[in-house]
Amino acid sequence: MASDTGRDAVKVPGGARGDGAAIRVYDELRREIISFERAPGSVLSRATLEKQYAVSQTPIREALQMLDQDGLVQVFPQSRTVVSRIDVQQLNETHFLRVAVEVEVVWRLAASPREDVVARARAILQMQKALMNDTDQPELFQDLDRSFHQTLFDAVGVGTIQKMLARRLGHLLRCQKLDLPSQGKMAMIVADHEAILNAIASGDQTAAAEAVRRHLSGTINRVDALRAAHPDFFTDGKTWPVLTWAETGSEE
């Protein structure tokens, strides 16, 4: 299944690829942030992370730098590192980019429908159908969702673009995590995926594009409601003031 971490695209500042320890810490912290095991605004102590993952300062620093690039943490030098709130501005910008790219993907697929691609995507869809009433496995449902979209990207030879996009989807994935338990949300996703595949299989480019736009806008259209329900989780792009170590009492 496709990973939401975008591991293949991970690079630390300066162009060097992160080493195995840094990638491991990055993957785990990203998963915990997206699942809200580490809530927005919570402080990440480097000393504590070093003990938790049994690694030195360097992998922790590189992992936090990568998460900072993803927009999932804010690193205040000589002060603290905190889990970012869901940035509504970044969320809208990422959504704009994602829609533009995925519309082009399905447009190309519908122009020359391939039975093998549709069959692979339908197999994933069937697994989602089996889970759409199971609220105890939202992570597995989301994994299948990412696999569905990755299958379409791979089919037109732009799978790497999906992995690059994944690095910017952290805010959206957290919104989806909040929205997924909503009544009928999983069934709506399944219905959207089915509409996308039916349009591709029939060669209807316009219907495929419209289905993707509708599908990708579901959570975005509920951001105001999600924000009202979880006001402490969101921001309009403003950052916390930079405090000194003495003021925060936190350790880096």
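The phi-based Karplus calculation (6.51 cos²θ - 1.76 cosθ + 1.60; θ = phi - 60°) puts the 3J(HN,Hα) values of segment 111-116 at 5, 9, x, 10, 4, 5 Hz, whole numbers, x for Gly and Pro.
Placing dummy labels 7 Å off each Cα toward the beta-carbon, the span from Ala123 to Asp232 is 4.5 nm.
Label sites at Ser56 and Phe36, each approximated as a point 7 angstrom past Cα along Cα to Cβ, lie 3.9 nm apart. Subtracting the Cα-Cα distance of Thr48 and Leu140 from their residue separation scaled by 0.36 nm leaves 30.2 nm.
Using only Cα atoms, what is the ratio of the radius of gyration of the chain to 2.2 N^0.38 Å? Intermediate values should be presented prior to the final figure.
Working: Rg = 19.2 Å, N = 252, 2.2 N^0.38 = 18.0 Å.
Its radius of gyration relative to the 2.2 N^0.38 Å reference: 1.07.
For the chain, the relative contact order is 31 percent, taking Cα pairs closer than 8 Å that sit 6 or more residues apart in sequence and dividing their mean separation by the residue count.
Taking θ as phi - 60° and the Karplus parameters 6.51, -1.76 and 1.60, the scalar couplings of segment 45-60 work out to 7, 5, 4, 5, 5, 4, 5, 4, 9, 6, 10, 7, 5, 4, x, 5 Hz in sequence order, x denoting glycine and proline. Rounded to the nearest 20 debye, the dipole magnitude of segment 88-229 is 320 debye, with +1 charges on Lys and Arg beta carbons, -1 on Asp and Glu beta carbons, and the Cα centre as origin. Annotation: amide H-H contacts under 5 Å for Phe234 (H modelled 1.01 Å from N, sequence separation of 5 or more, or interchain): Ile86. Normalised by the number of residues in segment 88-229, the average gap of Cα pairs under 8 Å and 6 or more apart makes the relative contact order 41 percent. The Asp224 and Glu28 beta-carbon pair, evaluated with R₀ = 30 Å, returns a calculated FRET efficiency of approximately 0.40.
What value, in deg cm²/dmol to 500, does the helix sum -39500 (n - 2.57) over DSSP H runs of n ≥ 4 give at 222 nm once divided by the residues of the chain?
Values: 12 runs with 155 residues, N = 252.
When only DSSP H runs of four or more count, the value is -19500 deg cm²/dmol.
Considering only His171, Ser112, Thr206, the residue lying farthest towards the positive end of the dipole of segment 107-210 is His171, judged by Cα position with unit charges set on Cβ.
Taken together, the values in this text are just the output of simple stated rules run on the coordinates, not laboratory data. Just so you know, these numbers come straight off a predicted model, no measurement behind them. Cβ sites come from the backbone with ideal geometry, for glycine too, and all protein chains shown count toward neighbours.
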